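Okay, structure first, notes after.
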Amino acid sequence: MDIEKLRQAFEHKGYRFRYFSTAAECCARLDCEIDGKTVGFGDSQTLFDMGLYEKLALHNTVYSPMHPQDGEDFYSAAKKCIDTQVYLVSVNGAAETGEMVNIDGFGNRVSSSLYCHDKIYFVFGVNKIMPTLQEAIDRARNIAAPKNAKRLGKKTPCAVKGDRCYNCSSPDRICNALMVHLHKQSRIDVEVIVIGESVGL
């Protein structure tokens, strides 16, 4: 993969862009630069696998639906992430042309990735990157979503069979919103960080 070409594509879309060879290197750098802030996390296996929550929670006020505090559940923790200074999230798919794709069931990730924060970080591994936007959408629907449904213990056809999206009507469906980031939104500092490893689902 041509990282310089990828940088140019995302910078052309208005994003800041950084590349780290490893997840550990990325985690260490973010741990240094995010300090004394209120921080919200998306429901991200990528960030979970990096161990970033545990590091940032030592010197920031951090909210994460994957790490609810006493008396909280996923949904109450997710609401606290909306109005934080910093928001960290991954993607289900990204295109070499500079677009990013997320699928959401509850809406917490896509809504928080759009508004209300001073700084938003999109952090993802090279396994999420596809040549085109359509292929990134296909990856989000047919690879990432079934894996996430299985991870969450959902009773959907995609979770059971693990092969593709069935466009089901299950009450456990997690594909209720599809968000495509075509360009950086106005008036917010948004950074795209790509990791040169396979990270997350």
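Here is how the numbers come out for the structure above:
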read-out	value
Region 112-141, residues that are under 28 Å from Gln85 (Cα atoms), touching an Asp or Glu at 6+ places or on another chain (Cβ under 8 Å), at pLDDT 90 or above and surrounded by fewer than 19 Cβ atoms within 10 Å (Cβ to Cβ)	Asp118, Lys119, Val126
Selection from region 1-50 of residues that are under 17 Å from Thr61 (Cα atoms) and among the polar types (S, T, N, Q)	Thr38
Looking only at region 25-46, and only at residues there that are within 17 Å of the chain's Cα centre (by Cα) and hydrophobic (A, V, I, L, M, F, W, C), the one that is surrounded by the fewest Cβ atoms within 10 Å (Cβ to Cβ)	Cys27
Qualifying residue in region 79-89 (condition: at pLDDT below 95 and either polar (S, T, N, Q) or in a helix (DSSP H, G or I) (or both))	yes
Qualifying strands (runs of 3 or more DSSP E) (wholly inside region 118-201; at least 2 residues being more than 16 Å from Asp104 (Cβ to Cβ))	119-125, 189-195
Verdict on Tyr75 being part of a loop (DSSP other than H, G, I, E, B), surrounded by fewer than 24 Cβ atoms within 10 Å (Cβ to Cβ) and either on the phi > 0 side of the Ramachandran plot or at pLDDT below 95 (or both)	no
Residue match in region 165-175 (condition: within 25 Å of Leu30 (Cβ to Cβ) and of a type in the set (A, V, I, L, M))	no
Asp49 vs. criteria surrounded by 15 or more Cβ atoms within 10 Å (Cβ to Cβ), under 15 Å from the mean Cα position of the chain (by Cα), among the charged types (D, E, K, R) and within 22 Å of Thr22 (Cβ to Cβ)	yes
Boolean, Phe48 is closer than 16 Å to Ala144 by Cα and either modelled with pLDDT under 95 or not basic (Lys, Arg) (or both)	yes
Entirely in region 1-71, the strands (runs of 3 or more DSSP E) that have 3 or more residues that are in contact (Cβ under 8 Å) with a residue 12 or more places away in the chain and aromatic (Phe, Trp, Tyr)	16-20
Meets criteria (in contact with a His (Cβ under 7 Å, 6 or more places away or on another chain) and basic (Lys, Arg)) for Lys79	no
Test result for Ala144, of a type outside the set (S, T, N, Q), touching a Leu at 6+ places or on another chain (Cβ under 6 Å) and modelled with pLDDT of 90 or more	yes
Residues of region 96-111 satisfying the condition of being closer than 11 Å to His181 by Cα and surrounded by 23 or more Cβ atoms within 10 Å (Cβ to Cβ)	Gly98, Met100, Val101, Asn102
Answer residue from region 142-161, given it is more than 18 Å from Met179 (Cα to Cα) and not charged (D, E, K, R) and is surrounded by the fewest Cβ atoms within 10 Å (Cβ to Cβ) among those	Gly153
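The values are calculated or read from the model by the stated rules, or taken from the named source; none is laboratory data. Given the structure is predicted, the values throughout are model-derived calculations rather than measurements. Note that each Cβ is placed from the backbone with ideal geometry, even for glycine, and that neighbours are counted across all protein chains shown.
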